1. Please compute the modelled spin-label separation between S286 and L433, points set 7 Å along Cα→Cβ, answer in nm with one decimal.
2. Hey, how many Å between the Cα centroid of segment 67-86 and the Cα centroid of segment 239-262?
3. Relative contact order (percent) for segment 19-145, with alpha-carbon contacts under 8 angstrom and 6 or more residues of separation?
4. Given the peptides 249-261, 191-203, 163-175, arrange them by the average over their residues of other C-beta atoms within 10 Å, most packed first.
5. Just to be sure I follow: if Rg is taken over the C-alpha atoms of segment 101-208 and Rh is the Kirkwood radius over the same atoms, what is Rg/Rh?
6. Say R0 is 56 Å: what FRET efficiency, to the nearest 0.05, do K300 and K386 get from their beta-carbon distance?
7. Quick check: pseudo-label points 7 Å beyond the Cα along Cα→Cβ at S419 and S208, how many nm apart are they?
8. Sorting check: for 367-373, 183-189, which peptide has the highest mean count of neighbouring beta carbons within 10 Å, and how do the rest follow?
Amino acid sequence: MFKKKSINDIKAPAAAPQSTLVLLRLSETADLALRLYQWHEGKWCQVALDAEFTQAFTPDWVPSENEVELPEINLPEGAKAVLMLPGNWVWSGLETIPKVARRQASAIGYMVEDHLAQDVEGLHFTCKPRAEELCSVYAIDIEKIEALHGQLERLKWPMAAALPEYGMLELLNGDLGLWLDGGQAHIWKGVGQGLTVNRDFLQPLLGSLLSDEDQAEEDSESGNPMDSKTVILLGSGEHDGLIIAELESQFGDGVQVNQRPAEEVFLERFKPGTLTNLLVGDYQLSDGNGTSVWWMRPVKVAAACFVAQLIFFVGAGAYYQWQGNQAESEAQAMFSELFPNTRPSPQLRRQLDGFLKGAGNHGGAFSIQMQQLSQVWIQHKGGALKLQSLRFDGQRGEMVLQLQASNLSDLDAFVSKLSGGGIKADLLGANDLKKGVSGRIRLR
C-alpha cells in the first residue's frame, strides 16, 4: 500500500564511547505527578523517584499510600546521563540573534517575545547558533528549570545534558525528523526548530511541515513531490500507513523509515556538546561528575579576595618604592646644585653629617641655613633660578650663594623668602648677563 525506505543500516560509531551513556526520561502524568524512566535492554523501565523530586515541581502533590515499589536508577561508575524532558515543557524557534546578545538570557528573550505566550521574565532561555546570526532559541519555565537544577544537584547525578524530547532528533541528518512516540509525536526541522504534539494532531499538521520557501519551490514544479528533501521517520508501526503515505505524497522518495528503536539510534549517535543543553548559565551543574561540593564556592571567593589583596599590597609597595626613588633622585640633584664640586654618595645623610662636623663649632649655623635654604628652594622649584656656587665660612657662620635668575625681581623675591627663622639674607650685588642676571646672596 505504501513504500518504506529503510535506514536500518544506521550503525554504532566505529569508536565506542569511553564511558557508558544512560538515557533517562522524565514524563508528567495527568495529575501532574512525575515519572522517571530509564532505557534498559531495549525498553523503557520506570525507576524510583523520591517524593522530594516530585514536590519540587508540584508542591501540592501527595504520594499515594499504595505506591508500587520500583527499582532504583542504575548509574554505573563513570557513566553519564542524558535526561529527556517533556517536549511540551520547552518552546523552540528560530531567530536572528547578534553575537553580543547570545550570552544574555534576558536579551534573547525580548527578541522572541512576540512568539511567546508567557512573560519573558518567567522563562529561562538558551541559544544555539545555526548559520551566521540565525540561532535556535529554547525557552523553559524558570520554576521548572530551577526545580530540576536543585534536584539534580541534590541527587548528584552525573549529567551530560538535559534537553526536550524532540531535541534528540537533531542527531539525525535529515531535513525533517519525525518520531512517533506512543500518544505523542516529536518533530524536528533540520534548520533548527522542534516541537512535541499530541499524536491525534499530527496528520492535520503534516501539510504545514514545509516552510514557505519549500512550498513555493513545490508550486513552481507544478506540485511535484520534493524528492530533494530527506524525511527520517522513527517509531512507526503497522497502523501508521496513512502517515507514511501522507509524507510520501509530499516528499516522495525522500521519506526514510527506520524500524530500529529510536532510543538506540540516539544512544549510538550522541556526542557531548552536539545537542542543546538547557542546564547552562545560572543553572549549570557543579563540576566533576555532577557532584556539588558545598565548600568549594566559599573557598574560591576567599582565594579571590586573598589574591586581590596581595595584588593591592604589591601594587602599593611598587608605588611607594617609585616615590622613594623619585625623592632620592631629587635630593641628589639638589645636593649636586648646592655642592657642584662634590659627588653625592648613596648615603646623603651621612655625607651631610660629615659637612656639619667639619664646620666645627658653627655647625649649628650651617645646619639652620641649609634647612632654610632647602625649604625655600623646594618652594621655589620650577622658577628660573640656577645655583652657580655655594660657600660657607665656618669662622663667621656665613653662607654666600651665587645665583643666576631671569631678572632682578626674581632675586629679590628669593632673598625675601630666605629671610626668616633667625636668618638674615642680603643681596650683596648683581650683574647683568646675556640672559638674565647673576647675584650674590649672603645668609647669616
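1. Output for this residue pair reads 7.8 nm.
2. After rounding, the separation between the Cα centres reads 32 Å.
3. Working: 181 pairs, mean separation 28.5, N = 127.
Averaging sequence separation for qualifying contacts and normalising by length gives 22 percent for segment 19-145.
4. Numbers: 249-261: 18.5, 191-203: 16.1, 163-175: 22.9.
The peptides rank, most packed first, as 163-175, 249-261, 191-203.
5. Values: Rg = 15.5 Å, Rh = 15.7 Å.
Dividing the radius of gyration by the Kirkwood radius yields 0.98.
6. Values: r = 60 Å, r/R0 = 1.07.
Step by step, r from the Cβ atoms, then E = 0.40.
7. Label-label distance for S419 and S208, simple model: 10.3 nm.
8. Details: 367-373: 17.9, 183-189: 20.7.
Taking the mean over residues of other Cβ atoms within 10 Å, the ranking is 183-189, 367-373.
Values quoted throughout were computed directly from the atomic coordinates according to the rules given, and no laboratory measurement underlies them. Treat the numbers as computed from the prediction; the structure is a model and nothing was measured. Methodologically, a virtual Cβ is constructed for each residue, glycine included, from the backbone with ideal geometry; neighbour enumeration extends over all protein chains shown.
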